[in-house]
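Let me begin by presenting the structure, written as structure tokens, before commenting on it.
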Amino acid sequence: MIKQHPSIIIKSNMRSLDETSNFRSLTSKIDRNYNSDNQILLSDFTEETLAPKKEKLYFFENDCMLFIFPLVGAVNLKKSDESVEFIPVNQLKIIDIKKYNTFSIINPFEDELVSFIYFKLNFCSTSNSIETINLDFSISNQLTKTFENQKITVSIGKYSLRTDDNYYLENKTNSLFAFVINGAFEFQNRLLEDKDALLIWDIENAEFESLTNDALLILLELKT
């Protein structure tokens, strides 16, 4: 029997909606005081959909780090100096943003919607640096560590139907955030479906099983 560790489940239908003719944003904010012994670095995560040829400006009032992951199509990232970087599907873009700086995300297509998700952390390592991670899903049924620094470890895995796996945390005092990009998983005896998320802590090893074929999962280990 799997021990029930303290956790928060964030269902996809619980996200707040902000919608115009140009974009649709579905946002979930994380309670930073979920655990009296620890404040989580993850502030919120948002799934964005942009209409063809539309642009959305982003402005943050505090230093932060963003992880941007296209879900459908590709996007252009326009920085404050007007330079542009292309972000295709299967690429993870990591951006350090200093407070009061701005950037834009642009849909470059004439007649197609694009969607992407970003995770926002209350942490910034350097001033306006950008790192690109190319993701390889040709190796399935295992997690791949894609990024790591002193505050976070990011892992992504693609799984076939009824595949079991484990994630071992570096330290029990860390927290683990799981987000289902596609498909469904049983994660520590909790059902997570498409675009659902789970934050769990006081745990050394997380067990999970894919419930669909081509199920895609991203894990963020948030370090204390």
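Where strands (runs of 3 or more DSSP E) fall wholly inside segment 121-224, the ranges with 2 or more residues that are under 25 Å from residue 88 (Cβ atoms) and either free of Cβ contacts under 8 Å to residues at least 24 places away in the same chain or out of contact with any helix residue (DSSP H, G or I) (no Cβ under 6 Å at 6 or more places or on another chain) (or both) are 130-134, 142-148, 152-159, 175-182, 215-222.
Here's the yes/no breakdown for (1) of a type outside the set (S, T, N, Q); (2) under 27 Å from residue 7 (Cβ atoms); (3) surrounded by 18 or more Cβ atoms within 10 Å (Cβ to Cβ):
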position	(1), (2), (3)
82	yes, no, no
108	yes, no, no
113	yes, no, no
135	yes, yes, no
149	no, yes, no
152	yes, yes, yes
179	yes, yes, yes
189	no, yes, no
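Only one entry in 155, 160 is outside the structural domain of residue 88 (by TED's automatic domain parsing) and over 30 Å from residue 62 (Cα atoms), namely 160.
Would it be correct to say that residue 173 is within 18 Å of residue 207 (Cβ to Cβ), among the polar types (S, T, N, Q) and either exposed (fewer than 12 other Cβ atoms within 10 Å of the Cβ) or not assigned by TED's automatic domain parsing to the domain that holds residue 24 (or both)?
Numbers: within 18 Å of residue 207 (Cβ to Cβ): no; among the polar types (S, T, N, Q): yes; either exposed (fewer than 12 other Cβ atoms within 10 Å of the Cβ) or not assigned by TED's automatic domain parsing to the domain that holds residue 24 (or both): yes.
So residue 173 fails the test.
With respect to being at pLDDT 75 or above, surrounded by 16 or more Cβ atoms within 10 Å (Cβ to Cβ) and farther than 19 Å from residue 105 by Cβ, residue 25 falls outside the description.
The values are calculated or read from the model by the stated rules, or taken from the named source; none is laboratory data. Everything numeric here is computed off the predicted structure, so don't read it as measured data. Glycine also receives a Cβ, built like all others from the backbone with ideal geometry; neighbour counts cover every protein chain displayed.
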